[in-house]
Structures are given as C-alpha cells and as structure tokens.
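Here's the structure we're looking at; comments come further down.
Values quoted throughout were computed directly from the atomic coordinates according to the rules given, and no laboratory measurement underlies them. These figures come from a predicted structure and were not determined experimentally. With ideal geometry, Cβ positions are generated from the backbone for all residues, glycine too; neighbour counts draw on all protein chains shown.
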Amino acid sequence: MSGLVTFSGVTLGYGRRTVLSGLTFAVSEGDFLGLVGPNGAGKTTVLRAILGSLAPLEGTVARAPGLRFGYVPQRDQVDYNFPLKVLDVVLMGRYDRIGLARRPGKDDRDRAMAALEHVGIPELAGRQLKDLSGGQKQRTLIARALVGEPNVLVLDEPTNGMDLVSTTQILGLVRELHERDRLTVIMVSHALNEVANYVERIALVVGGGFRIGSVDEIMTETVLSEMYGIPVEVDSFNGHRIVLARRFGAGEEAGRV
Amino acid sequence: MFDAVMLFREALYGALVIAVACSVLGVYVVLRRIVFVGAALAQLSSAGIALAMFLSGAGVAAGLTGHPVAMALVVTLAGALFFGMEGGSRGPVPPDATIGVAYAVAAAVGILLIAKARTGEAHDIFLQGNILSITLKDTLVLLAVSVPVLLVHLLFYKEFLFVSFDRETARTLGYRVGGWNLLLYLTLGLVIAFAMQFAGVMLVFNFLVLPAVTGLLLARGMAGVFFWSVTSAVVAAVIGFVLSVPFDLPTGPAIIVVSGVLALLAWGVRRLRG
C-alpha cells in the first residue's frame, strides 16, 4: 500500500486561527477511511486539506503524482433550481477531461451512462435531477464522481438527511464500490454509528483533537470516552458496533465513566 | 400602426440587441440568485453617467471623465469586480445587504450629481431610459459589445454552468472558480454599462430577470431556458414597441408589462402541465 495523501506535522486553520494541529497520517491506496466528528469540529477543514483547496499553516501535505479525486459534495451544496437532466450532471465529472470550451462527445456520454449503470440508476438518465429522491440524487452525484475515473472517492456527509433505507443503500453502495473496484474511499460524516460499520479505518475529529486508527482501535470505550469527553459504551449487536452515550443517573456528572 | 413603428425601427433594432444580450446573461443572474447584483450594477452604471455629466458641466472633465459611456463602464466594471470577487461577503454583513448598500448609495449619488449637473436631463431618464433615442450607430456599438460577450458565453457555456451549479466540485476538478465568476460578472457589467445608456435601470433589470423566469417556467433543460428567455425578451420588446409607439406610451414600461404578462402566461402553462 502506497501513500496517496500524506500529512506530516500539519497544522490547519484559517488566517491566524488554528483549527487542528499535529496531524501526521497517510491515506493509502485501497484505504476506506471514515473522517468522523461532530459538526464544526474541523472535518471539512481536514477534507479541504486532503483535496488541496486549503494550504496547511504548518507542515506538509504531499499528494501522489497524478492523483485524482472524485468528489461527492453534500446534497444541499448542489443547486436543484438548475433544470439539469441526470445525464448532464454526470457528464460534469468529465468536464476537465473534455477540455476548455469543448463539448462532451459520444464517448463521454457512453461513459456517463456506464457510471449510472455502475450505481444502479441507468433508467434515470433522462430525468430531471430535482425530481429525484434523496438516495437517487446521491447516486447521481456518486456517478458523476466515478465518471472522472478517480483514484480516490471522497464523500462529504453522503447520508445527511436521509431515511434509514436510503442511508443503508448508499453506505452499501459505497462499500461495494470499495470492495468491487478496490477504490480508495474517504467518507466524511458526523454519524459515528453509521460509518463505523462500513469503513476500515476511522479518523476522529472532536473538540480540537484528532485520532486515527483501525475501526477496532478507535471504537473502544476508552478512546471514544476520552475524545468525546463523556462516558461512552460500545456494544455489539449481530456483528454491528453500536456506540451509546451512557445515561447519567441522579448525582452523576457528564464526563464521569 | 406599422408605419409608426417603422419610424423607430433603428431604436427597435437596438432594443432587440439589449433584449437578447441581457436575457442570455439573465439566465445565470436568476439561477445564481444574484438578481439584485444586476439591479445594483445598473444603478452603478447610472451613477457613472451622472458623474460624467456633473464633471462635464462643472468644466473639470479631463480625458474620458466627461464621457458618459466611459464613466458608466468604469464604475460598473468596478462594481462587477467587487461583487465578482465576493467583496463584502466575508465580513459580518450579509452579501445581499452589501448589494443593497451599493444600490441605494449609487441611486442617491446619481440623483444628487444630476441635480447639480449643468448639462443633465431629468433624473428619471435613468430609471426609465430613453430607448426610442437609439440610432443605428448606437445599435452597432451595442452589437460590438454584445456579440463578443455572447460568443464568450457560447464558448465557455459548460465552464460557466459548472461553477454556477456546483462550485466546490468544480474546484476539486481544478477549475479556478473565482476567475470564472469574475469573468461572468465582468461580462454582465459590460452589457449593463452599455445597455443602461438607452434602456434605463428598470428596463435593464427587467431584461435580466423576467425573460429568464419565463424560460425557467417553460423549459425542462438548460438549452430550453436560454431559448425561451431570449424568445420572450424579443417578443416583449417587439410588442412593447408596437403598443407604445402608436399609443404614445412610454416604451420601457410597456416592454416590462409585456414581459410580466409573458411570465404570467408561462406560469399558467406550467400549472396546466402539472
């Protein structure tokens, strides 16, 4: 496994404000990493540094030559007022390959259709994006990320606002893409319970702290209680890990395990 | 009626150029939710014209400072640069409030400058414009500005679309989103600065917003939105002329009312389609 993105002694922030410091880790080929933490903890900051749209305040972020990301934004980041068909949206994933001021050709359209088949929605190619369900929209955005033939698939809160069925289907699809295509995946989420049962490694970003390791290393009561600052229980049910914040009894205080 | 309209055919040609250019750019203005940037730029353009008139009347104009088109261009492009670089959107003041400030101040400054300009006409000319005054030479100038702008938009359609639809993903694919936004705003400023000379704030704002709304109501794809936007702008301009010239109505407001009726009809069609 070779390092696709390598953080060495990295401090991240905006202007003079430091968000996270001392980050040293690598995302390797074939990795399936969950970048997890509560909203506002700095997940997006780490993500931007991985993608290269945020320069580190200190340290270095090295990317493998020719590295290409397939980015799946949060669904509400996309403007559904645009009257765009699903196929048109998927084609956007090839715009940089098509080149400046040139139009998509038959080959691009064929690849876009193949990407839609890959995510299981070829029949929706001619439909308006805004008319789709949340799960179908997310599949469209994943197809757009795949059509550019990326080395790394990056998903930002892919299940945000989805119901249980759509959440399970989307996470299952991402896992399938990782296993079937050996695609390196970075998935950003605030929902530890969802992500922990799908990814292979977890990077936890909580309250200015950062910890990365295998799911087994991170999903322990000691690590999670320390990171979140509240007593946490990790249980297992039918092979699924479930994280629960321990209920406080009378006289107990937050932070006491 | 036809003879009366033909009497002002040169003005109609100019109005059609303005209608086409503004209705194409208007699709981005409406979809990107920056309609008030269009209004603010039009108002800044009018302030530029007023400044040129004031300087010229006061006898202090040097070089291009007494030329209304040049000053309108300078002030409007400065505004386009400011809004295109997301000026005022990073501080504690919401971006739409910054646009509101620019609109209100530019309008007031324009009126004050005209009030004290010796060569100025009544200030409502900026609001209503004087579209019937367009000559063939003016139309050629409008074409010289509009055709290159429309070619840029035709050539870089997919780039403008991508950065407008999903800027974060465009950025990860290596697009210089800030640069494309700036180019979009500068083309907008250029068209507005020239269109404002004849059409006035109200009509320019109309051509930037109402045809695009009609297009969005009627079309199911981007090509259709552009088609219906341009078609409805042209139809509104022609009908506005046909109604206003023989019946001695102000042409700008007549065009705007027709644009409104077309948007209403489009809304009706949309409702019928379900």
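Working from the alpha-carbon coordinates of chain A, get Rg over Rh, Rh being the Kirkwood radius.
Ratio value, two decimals: 1.00.
Among A:Leu4, A:Leu100, A:Pro158, flag the residue with its Cα farthest along the positive direction of the charge dipole of chain A, charges on Cβ as +1 for Lys/Arg and -1 for Asp/Glu.
Going by the charge dipole, the pick is A:Leu100.
Test of understanding: extend the Cα→C-beta vector of A:His240 to 7 Å, then name every residue of the range A:172-206 with backbone N under 11 Å from that spot.
Zone members listed by number: A:193-195, A:197-198.
Quick one: order B:Lys158, A:Lys130 by neighbouring beta-carbon count within 10 Å, fewest to most.
Listing B:Lys158, A:Lys130 from fewest to most nearby Cβ atoms yields A:Lys130, B:Lys158.
How shielded is A:77-88 by partner chains, expressed as the average number of their Cβ atoms within 10 Å of its Cβ atoms?
5
Taking amide H atoms as placed 1.01 Å from N in the peptide plane, list the residues 5 or more away in sequence, or in a different chain, whose amide H sits under 5 Å from that of A:Gly34.
Result for A:Gly34 returns A:Met187, A:Glu200, A:Arg201, A:Ile202, A:Ala203.
If you count, for each residue, the other Cβ atoms within 10 Å and average over each peptide, how do B:15-24, B:228-237, A:170-179 line up from highest to lowest?
The packing order, highest mean first, is B:15-24, B:228-237, A:170-179.
With θ set to phi - 60°, apply the Karplus curve 6.51 cos²θ - 1.76 cosθ + 1.60 along the range A:193-209 and write out the HN-Hα couplings as whole Hz, x wherever there is a Gly or Pro.
Those phi angles translate into 4, 5, 6, 4, 8, 10, 7, 9, 9, 10, 10, 9, 10, 9, x, x, x Hz.
For A:Glu200 paired with A:Glu226, estimate the spin-label separation in nm (one decimal), with each label point 7 Å from Cα along the Cα-to-Cβ line.
Here the modelled spin labels are 2.5 nm apart.
Starting from the amide H of A:Val154, placed 1.01 Å from N in the peptide plane, find each other amide H under 5 Å away whose residue is 5 or more places distant or on another chain.
Distant-sequence amide H within range of A:Val154: A:Gly70, A:Tyr71, A:Val72, A:Ile186.
Mind telling me which of A:Val119, A:Val234, A:Val195 comes out most flexible in a GNM of chain A, alpha-carbon contacts under 10 Å?
Maximum among the listed residues: A:Val234.
May I ask for log10 I(q)/I(0) of the protein assembly as shown at q = 0.10, 0.11 Å⁻¹, from a Debye sum over the Cα atoms as equal point scatterers with solvent left out?
Calculated log10 I(q)/I(0) at the listed q: -0.89, -1.00.
Using θ = phi - 60° and the Karplus form 6.51 cos²θ - 1.76 cosθ + 1.60, what ³J(HN,Hα) does each residue of the range B:27-37 get, whole Hz, x for Gly and Pro?
Each residue's phi maps through the Karplus curve to give 4, 6, 4, 6, 5, 8, 6, 10, 4, 7, 5 Hz.
Once you've got the GNM for chain B with C-alpha springs shorter than 10 Å, pick whichever of B:Pro92, B:Pro250, B:Pro211 has the biggest mean-square fluctuation.
Fluctuation is largest for B:Pro92.
To the nearest whole number, what is the average tally of beta carbon atoms from other chains within 10 Å of the beta carbons of peptide B:150-158?
Mean partner shielding for this stretch: 2.
What relative contact order, as a whole-number percentage, does chain B give when Cα pairs under 8 Å and 6 or more residues apart are counted?
About 31 percent, as a whole number.
Projected onto the charge dipole of the range B:2-269 (+1 at Lys/Arg Cβ, -1 at Asp/Glu Cβ, origin at the Cα centre), which of B:Leu55, B:Met6, B:Val24 gives the Cα projection farthest towards the positive end?
So the residue we want is B:Val24.
Per-residue Cβ counts within 10 Å, from other chains only, averaged over A:62-74: what number is that?
Per residue, the average neighbour count from other chains is 2.
In this model, which of A:Lys137/B:Lys158; A:Lys85/A:Lys106; B:Lys137/B:Lys158 are farther than 28 Å apart at the alpha-carbon?
As for pairs spanning more than 28 Å Cα to Cα, those are B:Lys137/B:Lys158.
Using the per-residue mean of other Cβ atoms lying within 10 Å as a proxy for protection, in what order, highest first, do the peptides B:195-207, B:98-110, A:103-115 fall?
B:195-207, B:98-110, A:103-115
If amide H atoms are built 1.01 Å from N in the plane of the peptide, which residues on other chains or at least 5 residues away come under 5 Å of the amide H of A:Leu4?
Residues meeting the amide H criterion: A:Val27, A:Ser28, A:Glu29.
Between B:Val269 and B:Ala70, what is the spin-label point distance in nm, taking each point 7 Å from the Cα along the Cα→C-beta axis?
Reported label-point gap for B:Val269 and B:Ala70 is 4.6 nm.
To the nearest 0.05, what FRET efficiency results for B:Val234 and A:Glu149 with a Förster distance of 35 Å applied to their C-beta separation?
About 0.20, to the nearest 0.05.
Kindly state, to the nearest 0.05, the FRET efficiency for A:Asp110 paired with A:Tyr80, given R0 = 25 Å and r defined as their beta-carbon distance.
That pair, A:Asp110 with A:Tyr80, gives E of 0.45.
Determine the dipole magnitude for the range A:1-97: charges of +1 sit on the beta-carbon of Lys and Arg, -1 on that of Asp and Glu, nothing else is charged, the reference point is the Cα centre, and the result goes in debye to the nearest 20.
With Lys and Arg at +1 and Asp and Glu at -1, about 140 debye.
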